[in-house]
Amino acid sequence: MLKTLSLIAGLIISPVALTCECLWEGPFKSVYANADLIVYGEVGATQGNGFDLIVDTIFQGSEHREQIRIWGKKDDLCRPEVDEFTPGSQWVMALKRIDNPPADAFNPFKANISFGRQDDFSLSSCGVYWLPVKQQRVSGNILDGSRWQYIDTKKTPVIMPVFEAWIKNILPDDAIAEAVKPQTRARQLLNETKIHLWEQQRNPLPDAEDLDFRPPTRLEDITLPANSDNSNETE
């Protein structure tokens, strides 16, 4: 009898019983419009199933805090494991604000494990809700990708100015589609130079009327800072 009860208890608390179930919502383009906050930032401290994100840029939504708390996997919630977001890593994230958390959101016996607090944020794992950023390059399946595929390593990371112009509707999808194509070493060097200039200038994005709206087929179609004429760019 005791063995039977132990087996039942094991099944109840097993990982299989706590598996999340949700429909795949698609790439970043398909999910970000419904987010409460789209933000670029760096992971600070992690604790339990939550982590802090130091805000760098807000693309959509409103948030006055310089650091926000994001909650991940708990029981059968369809959220990613916090271990994926190591301190110091940088991300673009499409987040949902936690409003009216349930009564059992906080377990006093597991102080670091929580559904999340009022006005914190949660991250869904049912689509490409997060994009890794390294050296001002945004990776991940932005426009398309196979079902349950968060990142395609065959795609070229997109430089941040292009991504930012796209998400602000200054550039069309064609700009991202072209940018993620495999690139030659010469093009990679050109992009690195542009990133360096962009980081130095931190100029605001150009207005839509200042850009040539032929469907951009090359990253060079985006206006560079004025001092780019003095650079040693080669293609």
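What the table shows:
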| quantity | calculated |
| --- | --- |
| Of the trypsin sites (Lys or Arg not before Pro) in the range 91-147, those whose Cβ has at most 16 other Cβ within 10 Å and which sit in DSSP loop | K110, R117, R147 |
| Charged-residue dipole, Cβ positions (Lys, Arg, Asp, Glu), the range 38-83 about Cα centre, Debye nearest 20 | 140 debye |
| Set of lysines near K96 by C-alpha distance (under 26 Å), chain-local residues within fewer than 8 positions excluded | K29, K73, K74, K110, K134, K168 |
| Nearest-20 debye value, the range 34-110 charge dipole, Cβ charges on Lys, Arg, Asp, Glu | 140 debye |
| For the range 62-120, accessible area per residue (1.4 Å probe, heavy atoms of protein chains only), Å² | 60 Å² |
| Part-to-part distance (alpha-carbon centres) for the range 26-103 and the range 104-133, which is given in Å | 8 Å |
| GluC sites (Glu not before Pro) within the range 20-76: DSSP coil, no more than 16 neighbouring Cβ in 10 Å | E21, E25, E63, E66 |
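The values are calculated or read from the model by the stated rules, or taken from the named source; none is laboratory data. Small disclaimer: the values here were computed from a predicted structure and weren't measured. Neighbour counts run over all protein chains shown; Cβ positions are idealised from the backbone, glycine included. Quick note on the areas: whole protein, heavy atoms, side chains included, nothing else; ligands and nucleic acids left out. Shrake-Rupley method; radii C 1.70, N 1.55, O 1.52, S 1.80 Å.
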